[in-house]
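*Asks:* Before I ask anything, here is the structure I am working with.
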Amino acid sequence: MRNERRAEIALGGNLGAGELRVDGLTVKRGDLTVCRDVTLAVPSGEITVLLGANGAGKTTLLEGIAGVLPAASGTISLDGHRIHTSPPHRRAARGLASVEQGRTVFSKLTVAQNLAVVDRSRQARERAFELFPRLSGKQNMRAGLLSGGEQQMLIIARALATQPKALMFDEHSLWLLYTSDAAGDLLFTDLGSR
């Protein structure tokens with residue numbers, strides 16, 4: 001990244017196929033430019049990590065890539081398709097998934113319903129419960145009643161259920177606190193095999 005700014009996010013490429021590429025991206029919050037002229041590439045089959053202090057712009061960068069915040073300039077491509085002008089739901093349909101910081105579950109829906117929002121198949125639920133067995137016995141519980149760690153597990157499982165080509169984690173270290181070594185190993189093995 002230019003100006004040696006680093007952010008703590010993990011970007012996984014080639015979960016399905018393709019490369020995530022960001023060229024000259026500038027993202028603002030209101031009138032304040034937070035990320036300026038960021039260029040990076042996440043090659044197929046690689047996990048890329050950017051590290052940095054609080055306030056370095058890591059969340060803003062992710063939100064710009066995901067389309068939550070508009071890009072002031074620059075381009076974003078996934079699997080060779082330019083997505084920087086697409087709304088977030090179209091970027092997701094192209095294969096970009098994001099695990100945000102904070103607990104972004106649908107709190108009034110059950111665990112099973114949260115997963116069904118992105119994939120109604122039994123296979124998606126089984127895969128989620130294979131990665132996070134603690135969620136298996138709580139399928140009919142409202143997501144808002146889960147512990148913080150279980151909510152993070154659900155957010156990750158929901159993102160993986162979309163079968164993304166690229167998966168972004170904000171505050172990557174936060175969710176690691178809540179997963180077992182076995183789940184982390186299985187998750188990264190799964191990401192690398194797609």
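*Asks:* Test each condition in (1) within 18 Å of the chain's Cα centre (by Cα); (2) among the β-branched types (V, I, T); (3) surrounded by 20 or more Cβ atoms within 10 Å (Cβ to Cβ); (4) in a strand (DSSP E or B) for T60 and report the one that comes out false.
*Replies:* (4)
Yes/no per residue for (1) under 20 Å from the mean Cα position of the chain (by Cα); (2) modelled with pLDDT of 90 or more:
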| position | (1), (2) |
| --- | --- |
| N114 | yes, yes |
| D119 | yes, no |
| A124 | yes, no |
| L131 | yes, no |
| G137 | no, yes |
| N140 | no, yes |
| A143 | yes, yes |
| Q152 | yes, no |
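*Asks:* Select from region 90-143 the residues that are among the β-branched types (V, I, T) and not in a loop (DSSP other than H, G, I, E, B) and write down the one among them that is nearest to G67 (Cα to Cα).
*Replies:* Among those residues, the one meeting the criterion is V99.
*Asks:* Only residues that are modelled with pLDDT under 95, in contact with a helix residue (DSSP H, G or I) (Cβ under 9 Å, 6 or more places away or on another chain) and small (G, A, S): list them for region 84-101, please.
*Replies:* Selection gives A92, A97, S98.
*Asks:* Scanning for something open to solvent by less than 60 Å² (accessible area, probe 1.4 Å), modelled with pLDDT of 85 or more and in a loop (DSSP other than H, G, I, E, B), does region 166-179 turn up at least one residue?
*Replies:* no
*Asks:* I'm checking my understanding of the structure. Among residues of region 63-81 that are among the small types (G, A, S) and assigned to a strand (DSSP E or B), which one is nearest to L167 (Cα to Cα)?
*Replies:* Among those residues, the one meeting the criterion is S77.
*Asks:* What is the one condition in (1) open to solvent by less than 30 Å² (accessible area, probe 1.4 Å); (2) closer than 25 Å to V49 by Cα that T162 does not satisfy?
*Replies:* Going through the list (1) open to solvent by less than 30 Å² (accessible area, probe 1.4 Å); (2) closer than 25 Å to V49 by Cα, T162 breaks only (1).
*Asks:* Quick one: A41 ticks every box in (1) free of Cβ contacts under 8 Å to residues at least 24 places away in the same chain; (2) touching a Cys at 6+ places or on another chain (Cβ under 9 Å) except a single one, so which number is it?
*Replies:* It is condition (2) that A41 fails.
*Asks:* Let me ask another. Hey, among the residues in region 26-53 that are modelled with pLDDT of 90 or more and outside any strand (DSSP E or B), which one's most open to solvent (accessible area, probe 1.4 Å)?
*Replies:* D31
*Asks:* Also, I was wondering about something else. Take the conditions without any contact (Cβ under 8 Å) to a residue 24 or more places away in the chain, hydroxyl-bearing (S, T, Y) and over 22 Å from T60 (Cα atoms) and apply them to S136. Does it pass?
*Replies:* So S136 fits the description; yes.
The values are calculated or read from the model by the stated rules, or taken from the named source; none is laboratory data. Not measured: the values here are computed from a predicted model. Every residue, glycine as well, gets a Cβ built from its backbone with ideal geometry; the counts of neighbours run over all protein chains shown. In case anyone asks, the SASA skips ligands and DNA or RNA and just uses the protein heavy atoms, side chains included. Shrake-Rupley method; radii C 1.70, N 1.55, O 1.52, S 1.80 Å.
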